[in-house]
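Reading through the structure tokens given below for one structure.
The values are calculated or read from the model by the stated rules, or taken from the named source; none is laboratory data. Model, not experiment: these values are computed from the prediction. Glycine gets a Cβ as well: all are built from the backbone with ideal geometry, and neighbour counts include every protein chain shown.
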Amino acid sequence: MSFIFLLLCLSQPRILMAMARDGLLPSFFSDVNKHTQVPVKSTIVTGIVASTLAFCMEVSQLAGMVSVGTLLAFTMVAISVLILRYVPPEEVPLPSSLQESIDSVSLLYNQSSVSINEKNLDVNIGTSSDIQPLLSKKVAPVAYPIIKQVQDVFSEKNRRKIAGWTIMFTCVGVFLLTYSASDLSLPSSSSRILRFSLCGVGGALLLCGLVVLTSIDQDEARHSFGHTGGFLCPFVPLLPIACILINVYLLINLGAATWARVSVWLIIGVLVYVFYGRTHSSLLDAVYVPAAHVDEIYRSSGSGNSLA
């Protein structure tokens, strides 16, 4: 337990430094010593807070808080993997310093689309004499209307909607299943029917979500987010869903006292974001571009960076 708490304390300065660079915290936490390349100020602050908590709280209480933070982080990562694989955003933010490269790439794509439209117009004009005979031909009916309906259902637009709703219902099913299966919920014998019903509904939603996500295609074109290879995770969607199921079950069984203490820290974090991070975030000046153009924008800027 002390080793885990030590690792948590050592990792916090880097997290604070990254958040400060994104504008979510004051720039005080992002200062790095020029000689040691260590965020000294954020290390001192986190060390004081951690030592104060260790002095005032029991080991079991600290263990519960550390467990909640770790499990919440792993759960959010697992859900994010599903979102990035099936419904990634079509636009991603880039810093405003790349505005020149963004304009040049956008102009290039606009010129390409205009030239393609002109070529199509020339082809249509050149073959105008053939339009009338074609209009008189009867269009052959679709041989397999059921296959056509299935293709329409799993088109790109519908696929994203189906995947998004499936991920949401899968998370709901995980919560119902773990809550009804835990020892803390519905302890009385008279509630066994309700417990079994909730467990059955949650298990059905979870199983249906797994089947649907396994059946539909992943969005391989946009989940790379500017770097070759994308976000590597094996056995999708089985592994993320199993991770969510196990983590949520452990979170529910941590107890109300632990969640009360963690809720205080969550409220403090929300207040910091509302009164500071929301107005100082680096995303305020960001430029949103199509995800397919990110690699070309970075290449044209010559920075060699990517959204890894």
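Every test in (1) in a helix (DSSP H, G or I); (2) more than 12 Å from the chain's Cα centre (by Cα); (3) at pLDDT 75 or above is passed by Pro93 save one, and that test is (1). Screening Thr170 on (1) outside any helix (DSSP H, G or I); (2) β-branched (Val, Ile, Thr); (3) at pLDDT 95 or above shows it passes everything except condition (1).
Conditions (1) modelled with pLDDT of 85 or more; (2) within 20 Å of Ala256 (Cα to Cα), marked per residue:
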{"site": "Val153", "(1), (2)": "no, no"}
{"site": "Lys161", "(1), (2)": "yes, no"}
{"site": "Val174", "(1), (2)": "yes, yes"}
{"site": "Ser182", "(1), (2)": "no, yes"}
{"site": "Ser191", "(1), (2)": "no, no"}
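Residues in region 78-98 that are under 30 Å from Ser215 (Cα atoms) and without any contact (Cβ under 8 Å) to a residue 60 or more places away in the chain: 1 in all.
Is it true that Ala256 is assigned by TED's automatic domain parsing to the domain that holds Glu90, within 18 Å of the chain's Cα centre (by Cα) and free of Cβ contacts under 8 Å to residues at least 40 places away in the same chain? So Ala256 does not fit the description; no. For region 248-258, the tally of residues that are over 16 Å from Val59 (Cα atoms) and either outside any helix (DSSP H, G or I) or not small (Gly, Ala, Ser) (or both) stands at 6. Being modelled with pLDDT of 85 or more, in a helix (DSSP H, G or I) and over 21 Å from the mean Cα position of the chain (by Cα) is a property that Leu213 lacks. Of all residues in region 241-252, those that are closer than 19 Å to Ala204 by Cβ and not aliphatic (A, V, I, L, M) total 1. Of all residues in region 289-308, those that are closer than 11 Å to Leu98 by Cα have Cβ atoms under 6 Å from Cβ atoms of residues that are modelled with pLDDT under 70 and not hydroxyl-bearing (Ser, Thr, Tyr), 6 or more apart or on another chain, in Val294/Gly226; Tyr298/Asn305.
Condition check ((1) at pLDDT 85 or above; (2) farther than 27 Å from Ala163 by Cα) across all residues:
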| residue | (1), (2) |
| --- | --- |
| His223 | no, no |
| Ala257 | no, yes |
| Ile268 | yes, yes |
| Leu271 | yes, yes |
| Ala292 | no, no |
| Ser300 | no, yes |
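Per the conditions (1) closer than 19 Å to Asp22 by Cβ; (2) in a helix (DSSP H, G or I); (3) over 27 Å from the mean Cα position of the chain (by Cα), the sole criterion not satisfied by Val32 is (2). Answer yes if at least one residue in region 52-73 is closer than 30 Å to Arg160 by Cβ, surrounded by fewer than 16 Cβ atoms within 10 Å (Cβ to Cβ) and either assigned by TED's automatic domain parsing to the domain that holds Pro234 or modelled with pLDDT of 85 or more (or both), and no otherwise. Checked region 52-73: at least one residue is closer than 30 Å to Arg160 by Cβ, surrounded by fewer than 16 Cβ atoms within 10 Å (Cβ to Cβ) and either assigned by TED's automatic domain parsing to the domain that holds Pro234 or modelled with pLDDT of 85 or more (or both).
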